[in-house]
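So the structure is just underneath, and the comments pick up after that.
The values are calculated or read from the model by the stated rules, or taken from the named source; none is laboratory data. Fair warning: this is a prediction, and the values are worked out from it, not measured in the lab. Virtual Cβ from ideal backbone geometry, glycine too; neighbours counted across all protein chains shown.
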Amino acid sequence: MFKLKLVYLPLICFSLLALNLQCKKSNEGNSDELNTSPQESQAITTKDFAQINYPEYALSDLAEAKTKNWLKFQNLGTHIDHLKKGDIYFFKEDKTILKAFITDLKKEVPTSINTSSIIVRLSVIETTAYKLEEVSNIRSISKQSLLESISDVLIAYNNLIFQINKKVEKDSQNIEKPL
């Protein structure tokens, strides 16, 4: 009886080892699928921007003349263009860089358009940019939530452009008061 057990012992050990290796391969395949799914689902493409509805404004010629020396605003426009292409790198990376950029953006507002309505729009951009930064750094966030945060930034930026256009338009009107 004892000899019979010794014969089966190597067979049993080999079977357990094979079963263990098969289970590890199966688990590794499943973990790869789980790791790539959130990243793939969070990747934003240009096609995804078709889902976002927001009013898009362009600076008027007068407003462009007033803002051409406002370099941080020009840089913001560049970052927004990248955001429209699905590149959220600027808003995702280091919060201190984003904070310094927004602080400089608010400090360098040209005096001709430095009004409370413009400052408020810049504060909204600041808030939505921080929100996008927070949301984009959450690994388990859904693509829809990320798109909503991107949409908020785009809306805030376009509202700023709209307000700049209105300020410049109002300043350019020569309304004569009756005597």
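Restricting attention to the range 112-145, which residues are among the small types (Gly, Ala, Ser), surrounded by fewer than 16 Cβ atoms within 10 Å (Cβ to Cβ) and over 27 Å from residue 68 (Cβ atoms)? Reasoning before the result, please.
Pass one, the range 112-145, residues among the small types (Gly, Ala, Ser): 112, 116-117, 123, 129, 136, 140, 142, 145.
Filter once more, keeping what is surrounded by fewer than 16 Cβ atoms within 10 Å (Cβ to Cβ): 112, 116-117, 123, 140, 142, 145.
If the condition is that a residue be among the small types (Gly, Ala, Ser), surrounded by fewer than 16 Cβ atoms within 10 Å (Cβ to Cβ) and over 27 Å from residue 68 (Cβ atoms), then 140, 142, 145 are the ones that fit.
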Exposed (fewer than 13 other Cβ atoms within 10 Å of the Cβ) and among the small types (Gly, Ala, Ser) - does that describe any residue in the range 146-166? no
Matching residues, the range 57-98, being farther than 18 Å from residue 130 by Cα and of a type in the set (Gly, Ala, Ser): 58, 60, 63, 65
Of the residues in the range 84-104, those that are over 23 Å from residue 43 (Cβ atoms), β-branched (Val, Ile, Thr) and surrounded by fewer than 14 Cβ atoms within 10 Å (Cβ to Cβ) come to 96, 103
Scan 81, 48 and give me the residue that is surrounded by fewer than 13 Cβ atoms within 10 Å (Cβ to Cβ), among the acidic types (Asp, Glu), more than 22 Å from residue 172 (Cβ to Cβ) and within 18 Å of the chain's Cα centre (by Cα). 81
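Check whether at least one residue in the range 60-80 is polar (S, T, N, Q), in contact (Cβ under 8 Å) with a residue 60 or more places away in the chain and not in a helix (DSSP H, G or I), and report yes or no.
Taking the range 60-80 first, the residues polar (S, T, N, Q) are 60, 67, 69, 74-75, 78.
Pick out the ones that are also in contact (Cβ under 8 Å) with a residue 60 or more places away in the chain and you get 60, 67.
The next check asks that each one be not in a helix (DSSP H, G or I); those that pass are 60.
Yes, the range 60-80 has at least one match.
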Which residue pairs have Cβ atoms under 6 Å apart, sit 6 or more places apart or on different chains, and have a first residue in the range 120-137 that is in the same structural domain as residue 160 (by TED's automatic domain parsing) and a second that is outside any helix (DSSP H, G or I) and modelled with pLDDT under 95? 135/141; 136/88
Given (1) in a loop (DSSP other than H, G, I, E, B); (2) assigned by TED's automatic domain parsing to the domain that holds residue 97, number of the condition residue 179 does not satisfy: (2)
